[in-house]
1. I need the full set of residues from the stretch 268-318 which are among the aliphatic types (A, V, I, L, M), open to solvent by 30 Å² or more (accessible area, probe 1.4 Å) and touching a residue at least 12 places away in the same chain (Cβ under 8 Å), in order please.
2. Please enumerate the residues belonging to the stretch 229-263 that are without any contact (Cβ under 8 Å) to a residue 60 or more places away in the chain and within 26 Å of ASP121 (Cβ to Cβ).
3. What is the number of the single condition among (1) touching a Leu at 6+ places or on another chain (Cβ under 8 Å); (2) closer than 23 Å to ASN318 by Cβ; (3) touching a residue at least 60 places away in the same chain (Cβ under 8 Å) that LEU25 does not meet?
4. Can you pull out the helices (runs of 4 or more DSSP H) entirely within the stretch 20-134 that have at least 1 residues that are under 27 Å from ASN209 (Cα atoms) and open to solvent by 60 Å² or more (accessible area, probe 1.4 Å)?
5. For the stretch 152-248, give me every one of the helices (runs of 4 or more DSSP H) that falls completely inside it and has 3 or more residues that are among the basic types (Lys, Arg), open to solvent by 40 Å² or more (accessible area, probe 1.4 Å) and farther than 30 Å from ALA84 by Cα.
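The values are calculated or read from the model by the stated rules, or taken from the named source; none is laboratory data. Being a predicted model, the structure only gives us computed values, none of them experimental. As a convention, Cβ positions derive from the backbone with ideal geometry for all residues, glycine included, and neighbour counts pool all protein chains shown. Calculation scope for accessible area: heavy atoms of the full protein, side chains included, ligands and nucleic acids excluded. Shrake-Rupley method; radii C 1.70, N 1.55, O 1.52, S 1.80 Å.
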Amino acid sequence: MDSNHKSPPSDLELGPKDRLIFWLLAGAAHALSVIPDFVLYPLGVAGGWLAYHLDRGHVKVGMRNLEIAFPELSVAERRRILRASYLNHGRTGAEYIRLAGFFHRRLKNRVTYSGLENLRDAQRRHPGGGVLVLAAHIGNFELLAPGHAMHGYRTGLVHHTQRFLAGDALVTFARERAGVQIIRKHKAAREMLRSLRRGSAIGIPLDQNAKRSEAIWVPFFGEPASTPSAFDRLAMISGAAVLPAFIVRQPDGRSHVIEVLPVIERQQTEDKDADVLENTRRYQQAIEAAVRKYPEQWLWTHRRYRTRPRGSKPIYTN
(Lines give C-alpha, C1' and ligand atoms only; values in the text may rest on other atoms or scores of the structure.)
Protein backbone atom coordinates (compact mmCIF):
# COMPACT_ATOMS: atom_id res chain seq x y z
CA MET A 1 0.00 0.00 0.00
CA ASP A 2 0.94 3.65 -0.16
CA SER A 3 3.98 4.23 2.00
CA ASN A 4 2.55 7.38 3.53
CA HIS A 5 -0.61 5.67 4.87
CA LYS A 6 -0.13 2.21 6.31
CA SER A 7 -2.99 2.20 8.80
CA PRO A 8 -6.67 3.16 9.04
CA PRO A 9 -7.47 6.84 9.64
CA SER A 10 -6.40 7.90 13.13
CA ASP A 11 -9.58 9.90 13.77
CA LEU A 12 -11.74 6.77 13.68
CA GLU A 13 -11.89 4.51 16.71
CA LEU A 14 -11.84 1.03 15.21
CA GLY A 15 -12.13 -2.08 17.31
CA PRO A 16 -10.15 -5.21 16.43
CA LYS A 17 -12.96 -6.59 14.26
CA ASP A 18 -13.41 -3.35 12.28
CA ARG A 19 -9.66 -3.02 11.87
CA LEU A 20 -9.42 -6.54 10.49
CA ILE A 21 -12.29 -5.89 8.05
CA PHE A 22 -10.57 -2.66 6.96
CA TRP A 23 -7.37 -4.53 6.13
CA LEU A 24 -9.32 -7.19 4.24
CA LEU A 25 -11.14 -4.52 2.21
CA ALA A 26 -7.95 -2.58 1.54
CA GLY A 27 -6.16 -5.77 0.54
CA ALA A 28 -8.98 -6.72 -1.83
CA ALA A 29 -8.94 -3.24 -3.41
CA HIS A 30 -5.19 -3.44 -3.97
CA ALA A 31 -5.43 -6.96 -5.39
CA LEU A 32 -8.25 -6.01 -7.78
CA SER A 33 -6.45 -2.82 -8.85
CA VAL A 34 -3.86 -4.86 -10.80
CA ILE A 35 -6.64 -5.96 -13.20
CA PRO A 36 -6.17 -4.07 -16.51
CA ASP A 37 -8.73 -1.49 -17.58
CA PHE A 38 -10.01 -3.51 -20.51
CA VAL A 39 -11.21 -6.09 -17.96
CA LEU A 40 -12.02 -3.89 -14.95
CA TYR A 41 -14.33 -1.44 -16.72
CA PRO A 42 -16.50 -4.15 -18.35
CA LEU A 43 -16.77 -5.77 -14.93
CA GLY A 44 -17.99 -2.47 -13.50
CA VAL A 45 -20.50 -2.04 -16.32
CA ALA A 46 -21.73 -5.59 -15.79
CA GLY A 47 -22.17 -4.88 -12.09
CA GLY A 48 -24.18 -1.75 -12.91
CA TRP A 49 -26.35 -3.65 -15.39
CA LEU A 50 -26.98 -6.39 -12.85
CA ALA A 51 -27.88 -3.87 -10.14
CA TYR A 52 -30.36 -2.17 -12.48
CA HIS A 53 -32.16 -5.46 -13.05
CA LEU A 54 -32.08 -6.69 -9.44
CA ASP A 55 -32.35 -3.52 -7.32
CA ARG A 56 -36.10 -3.16 -7.74
CA GLY A 57 -36.73 -0.91 -4.73
CA HIS A 58 -34.23 1.72 -5.83
CA VAL A 59 -35.28 1.41 -9.47
CA LYS A 60 -38.81 2.30 -8.36
CA VAL A 61 -37.45 5.36 -6.52
CA GLY A 62 -35.40 6.36 -9.56
CA MET A 63 -38.38 6.13 -11.89
CA ARG A 64 -40.49 8.24 -9.51
CA ASN A 65 -37.76 10.91 -9.40
CA LEU A 66 -37.50 10.87 -13.19
CA GLU A 67 -41.28 11.24 -13.47
CA ILE A 68 -41.04 14.41 -11.35
CA ALA A 69 -38.01 15.76 -13.22
CA PHE A 70 -39.04 14.91 -16.79
CA PRO A 71 -42.82 14.47 -17.00
CA GLU A 72 -42.65 15.13 -20.75
CA LEU A 73 -40.53 12.02 -21.41
CA SER A 74 -41.90 8.58 -22.13
CA VAL A 75 -41.54 5.78 -19.60
CA ALA A 76 -39.10 4.07 -21.98
CA GLU A 77 -36.89 7.15 -22.15
CA ARG A 78 -36.89 7.50 -18.36
CA ARG A 79 -35.87 3.85 -18.08
CA ARG A 80 -33.04 4.48 -20.54
CA ILE A 81 -31.74 7.37 -18.40
CA LEU A 82 -31.99 5.34 -15.21
CA ARG A 83 -30.22 2.36 -16.78
CA ALA A 84 -27.43 4.64 -18.01
CA SER A 85 -27.13 6.05 -14.48
CA TYR A 86 -26.64 2.55 -13.08
CA LEU A 87 -23.96 1.84 -15.70
CA ASN A 88 -22.22 5.08 -14.77
CA HIS A 89 -22.15 3.97 -11.14
CA GLY A 90 -20.73 0.62 -12.25
CA ARG A 91 -17.86 2.43 -13.96
CA THR A 92 -17.47 4.54 -10.84
CA GLY A 93 -17.10 1.36 -8.80
CA ALA A 94 -14.34 0.16 -11.14
CA GLU A 95 -12.55 3.48 -10.75
CA TYR A 96 -12.92 3.32 -6.99
CA ILE A 97 -10.83 0.14 -7.10
CA ARG A 98 -8.17 2.28 -8.78
CA LEU A 99 -8.57 5.07 -6.21
CA ALA A 100 -8.26 2.75 -3.20
CA GLY A 101 -5.65 0.42 -4.71
CA PHE A 102 -2.31 0.58 -6.44
CA PHE A 103 -1.42 3.29 -8.99
CA HIS A 104 -4.12 5.68 -7.78
CA ARG A 105 -2.20 8.74 -8.99
CA ARG A 106 -2.65 7.62 -12.58
CA LEU A 107 -6.24 8.86 -12.24
CA LYS A 108 -4.86 12.41 -12.19
CA ASN A 109 -4.14 12.15 -15.92
CA ARG A 110 -7.78 11.26 -16.58
CA VAL A 111 -9.13 14.39 -14.89
CA THR A 112 -8.98 17.73 -16.71
CA TYR A 113 -10.74 21.07 -16.22
CA SER A 114 -13.20 23.34 -17.91
CA GLY A 115 -13.66 26.84 -16.50
CA LEU A 116 -10.69 26.79 -14.14
CA GLU A 117 -10.52 30.56 -14.52
CA ASN A 118 -13.71 30.72 -12.43
CA LEU A 119 -11.84 29.21 -9.48
CA ARG A 120 -9.03 31.74 -9.83
CA ASP A 121 -11.59 34.54 -10.07
CA ALA A 122 -13.32 33.30 -6.89
CA GLN A 123 -10.01 33.20 -5.00
CA ARG A 124 -9.17 36.70 -6.19
CA ARG A 125 -12.54 38.16 -5.24
CA HIS A 126 -12.72 36.46 -1.83
CA PRO A 127 -9.20 36.66 -0.37
CA GLY A 128 -8.97 34.97 3.01
CA GLY A 129 -12.47 33.53 2.67
CA GLY A 130 -11.73 30.37 0.75
CA VAL A 131 -14.10 28.64 -1.64
CA LEU A 132 -17.18 26.56 -0.88
CA VAL A 133 -17.58 24.12 -3.75
CA LEU A 134 -21.24 23.42 -4.48
CA ALA A 135 -21.10 19.76 -5.53
CA ALA A 136 -23.56 17.02 -6.41
CA HIS A 137 -23.60 13.28 -7.04
CA ILE A 138 -22.92 13.62 -10.75
CA GLY A 139 -20.46 11.55 -12.79
CA ASN A 140 -17.79 9.88 -10.66
CA PHE A 141 -18.46 12.15 -7.68
CA GLU A 142 -15.95 10.16 -5.58
CA LEU A 143 -13.21 11.43 -7.89
CA LEU A 144 -14.07 15.14 -7.71
CA ALA A 145 -12.19 16.03 -4.50
CA PRO A 146 -9.29 13.54 -4.99
CA GLY A 147 -8.87 14.60 -8.61
CA HIS A 148 -8.76 18.27 -7.61
CA ALA A 149 -6.30 17.55 -4.78
CA MET A 150 -4.02 15.51 -7.05
CA HIS A 151 -3.73 18.58 -9.27
CA GLY A 152 -2.15 20.39 -6.35
CA TYR A 153 -5.07 22.36 -4.90
CA ARG A 154 -5.90 22.61 -1.19
CA THR A 155 -9.05 20.52 -0.94
CA GLY A 156 -11.34 19.58 1.92
CA LEU A 157 -14.46 17.45 1.97
CA VAL A 158 -17.22 17.29 4.56
CA HIS A 159 -17.84 13.64 5.39
CA HIS A 160 -20.61 12.04 7.44
CA THR A 161 -19.17 9.03 9.28
CA GLN A 162 -20.94 5.85 8.19
CA ARG A 163 -22.17 3.11 10.51
CA PHE A 164 -20.03 0.54 8.69
CA LEU A 165 -16.79 1.81 10.24
CA ALA A 166 -14.44 -0.42 8.27
CA GLY A 167 -15.96 0.77 4.99
CA ASP A 168 -15.84 4.35 6.21
CA ALA A 169 -12.16 3.88 7.03
CA LEU A 170 -11.45 2.62 3.50
CA VAL A 171 -13.24 5.62 1.94
CA THR A 172 -11.30 7.98 4.21
CA PHE A 173 -8.04 6.17 3.44
CA ALA A 174 -8.54 6.59 -0.32
CA ARG A 175 -9.47 10.27 -0.06
CA GLU A 176 -6.72 11.27 2.36
CA ARG A 177 -4.07 9.42 0.37
CA ALA A 178 -4.99 11.55 -2.65
CA GLY A 179 -4.46 14.70 -0.56
CA VAL A 180 -8.03 15.49 0.55
CA GLN A 181 -8.61 16.86 4.04
CA ILE A 182 -11.52 14.95 5.60
CA ILE A 183 -13.76 17.08 7.80
CA ARG A 184 -16.09 15.01 9.97
CA LYS A 185 -19.64 16.34 9.94
CA HIS A 186 -20.02 16.25 13.74
CA LYS A 187 -17.22 18.83 14.09
CA ALA A 188 -17.49 20.43 10.68
CA ALA A 189 -18.20 24.11 11.38
CA ARG A 190 -15.01 24.99 13.24
CA GLU A 191 -12.78 22.85 10.99
CA MET A 192 -14.31 24.32 7.84
CA LEU A 193 -13.82 27.89 9.00
CA ARG A 194 -10.16 27.17 9.76
CA SER A 195 -9.64 25.50 6.38
CA LEU A 196 -11.42 28.25 4.46
CA ARG A 197 -9.25 30.89 6.13
CA ARG A 198 -6.22 28.94 4.91
CA GLY A 199 -7.53 29.27 1.35
CA SER A 200 -8.87 25.74 0.91
CA ALA A 201 -11.66 24.73 -1.42
CA ILE A 202 -14.19 22.67 0.55
CA GLY A 203 -16.63 20.47 -1.31
CA ILE A 204 -20.14 19.96 0.03
CA PRO A 205 -22.74 18.02 -1.98
CA LEU A 206 -26.11 19.73 -1.69
CA ASP A 207 -28.33 17.39 -3.67
CA GLN A 208 -29.56 15.02 -0.97
CA ASN A 209 -32.47 15.03 1.45
CA ALA A 210 -31.94 16.89 4.73
CA LYS A 211 -33.37 15.99 8.13
CA ARG A 212 -36.34 18.09 9.15
CA SER A 213 -34.34 19.74 11.95
CA GLU A 214 -31.81 21.06 9.38
CA ALA A 215 -34.17 21.75 6.52
CA ILE A 216 -35.60 24.54 4.49
CA TRP A 217 -37.73 23.80 1.43
CA VAL A 218 -36.72 25.09 -1.97
CA PRO A 219 -37.79 23.92 -5.44
CA PHE A 220 -35.90 21.10 -7.12
CA PHE A 221 -37.44 20.13 -10.44
CA GLY A 222 -40.54 22.03 -9.32
CA GLU A 223 -41.06 20.01 -6.14
CA PRO A 224 -40.28 21.30 -2.61
CA ALA A 225 -37.03 19.61 -1.56
CA SER A 226 -35.71 19.44 2.00
CA THR A 227 -32.29 21.13 1.82
CA PRO A 228 -29.78 22.07 4.55
CA SER A 229 -29.70 25.77 5.39
CA ALA A 230 -26.23 25.43 6.95
CA PHE A 231 -24.42 25.67 3.61
CA ASP A 232 -25.44 29.28 3.02
CA ARG A 233 -25.05 30.22 6.67
CA LEU A 234 -21.44 28.99 6.45
CA ALA A 235 -20.90 31.09 3.34
CA MET A 236 -22.36 34.09 5.21
CA ILE A 237 -20.11 33.64 8.25
CA SER A 238 -16.91 32.78 6.39
CA GLY A 239 -17.18 35.17 3.46
CA ALA A 240 -16.34 32.26 1.15
CA ALA A 241 -17.21 32.26 -2.53
CA VAL A 242 -19.82 29.70 -3.58
CA LEU A 243 -18.57 27.97 -6.70
CA PRO A 244 -20.51 25.19 -8.47
CA ALA A 245 -18.25 22.40 -9.75
CA PHE A 246 -19.26 19.02 -11.13
CA ILE A 247 -17.15 16.17 -12.45
CA VAL A 248 -18.54 14.84 -15.73
CA ARG A 249 -17.71 11.52 -17.32
CA GLN A 250 -16.71 11.86 -20.96
CA PRO A 251 -17.99 9.77 -23.91
CA ASP A 252 -14.99 7.42 -23.74
CA GLY A 253 -16.29 6.30 -20.32
CA ARG A 254 -12.87 6.64 -18.65
CA SER A 255 -11.89 10.30 -18.66
CA HIS A 256 -13.47 13.14 -16.70
CA VAL A 257 -13.79 16.91 -16.85
CA ILE A 258 -14.27 19.03 -13.73
CA GLU A 259 -16.63 21.76 -14.91
CA VAL A 260 -16.09 24.85 -12.76
CA LEU A 261 -18.92 27.36 -13.17
CA PRO A 262 -18.97 31.06 -12.26
CA VAL A 263 -19.46 32.11 -8.64
CA ILE A 264 -23.09 32.18 -7.53
CA GLU A 265 -23.85 35.71 -6.42
CA ARG A 266 -25.47 35.61 -2.99
CA GLN A 267 -28.35 37.82 -1.88
CA GLN A 268 -27.29 39.83 1.18
CA THR A 269 -29.89 42.02 2.89
CA GLU A 270 -30.88 42.76 6.47
CA ASP A 271 -33.29 39.81 6.43
CA LYS A 272 -30.88 36.92 6.92
CA ASP A 273 -33.53 34.19 6.89
CA ALA A 274 -34.89 35.45 3.57
CA ASP A 275 -31.34 35.56 2.23
CA VAL A 276 -30.66 31.96 3.21
CA LEU A 277 -33.88 30.82 1.54
CA GLU A 278 -33.18 32.72 -1.68
CA ASN A 279 -29.53 31.70 -1.86
CA THR A 280 -30.34 28.04 -1.23
CA ARG A 281 -32.88 28.25 -4.04
CA ARG A 282 -30.10 29.52 -6.32
CA TYR A 283 -27.83 26.64 -5.30
CA GLN A 284 -30.51 24.07 -6.09
CA GLN A 285 -31.18 25.80 -9.39
CA ALA A 286 -27.50 25.38 -10.33
CA ILE A 287 -27.58 21.67 -9.43
CA GLU A 288 -30.83 21.14 -11.32
CA ALA A 289 -29.30 22.73 -14.43
CA ALA A 290 -26.34 20.33 -14.22
CA VAL A 291 -28.63 17.32 -13.77
CA ARG A 292 -30.73 18.41 -16.76
CA LYS A 293 -27.53 18.66 -18.81
CA TYR A 294 -26.21 15.24 -17.71
CA PRO A 295 -29.25 13.22 -16.59
CA GLU A 296 -27.55 9.87 -17.24
CA GLN A 297 -24.88 10.70 -14.66
CA TRP A 298 -26.93 11.70 -11.61
CA LEU A 299 -27.87 9.52 -8.63
CA TRP A 300 -31.60 9.10 -9.35
CA THR A 301 -32.06 6.35 -6.76
CA HIS A 302 -31.72 8.70 -3.78
CA ARG A 303 -34.98 9.61 -2.03
CA ARG A 304 -34.49 13.33 -2.59
CA TYR A 305 -38.03 14.19 -1.47
CA ARG A 306 -38.26 11.86 1.52
CA THR A 307 -38.73 14.65 4.08
CA ARG A 308 -41.88 16.55 3.15
CA PRO A 309 -43.38 19.86 4.26
CA ARG A 310 -45.93 19.22 7.00
CA GLY A 311 -49.29 18.29 5.53
CA SER A 312 -47.85 17.21 2.17
CA LYS A 313 -48.43 13.78 0.73
CA PRO A 314 -45.42 11.42 0.59
CA ILE A 315 -43.64 11.13 -2.74
CA TYR A 316 -42.50 7.53 -2.36
CA THR A 317 -44.62 4.52 -1.53
CA ASN A 318 -41.75 2.18 -0.61
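1. Initial filter on the stretch 268-318 (among the aliphatic types (A, V, I, L, M)): 274, 276-277, 286-287, 289-291, 299, 315.
Of the ones still in play, those that are also open to solvent by 30 Å² or more (accessible area, probe 1.4 Å) are 274, 277, 289, 299.
Result: LEU277, LEU299.
2. Filtering the stretch 229-263 for residues without any contact (Cβ under 8 Å) to a residue 60 or more places away in the chain gives 229-230, 232-233, 236-237, 250-252.
Of everything in the stretch 229-263, those that are without any contact (Cβ under 8 Å) to a residue 60 or more places away in the chain and within 26 Å of ASP121 (Cβ to Cβ) turn out to be ALA230, ASP232, ARG233, MET236, ILE237, GLN250.
3. Status for LEU25: all satisfied but (2).
4. Correct list: 37-54, 56-69, 75-100.
5. On the way: elements: 165-177, 188-197, 230-238.
So the answer is 188-197.
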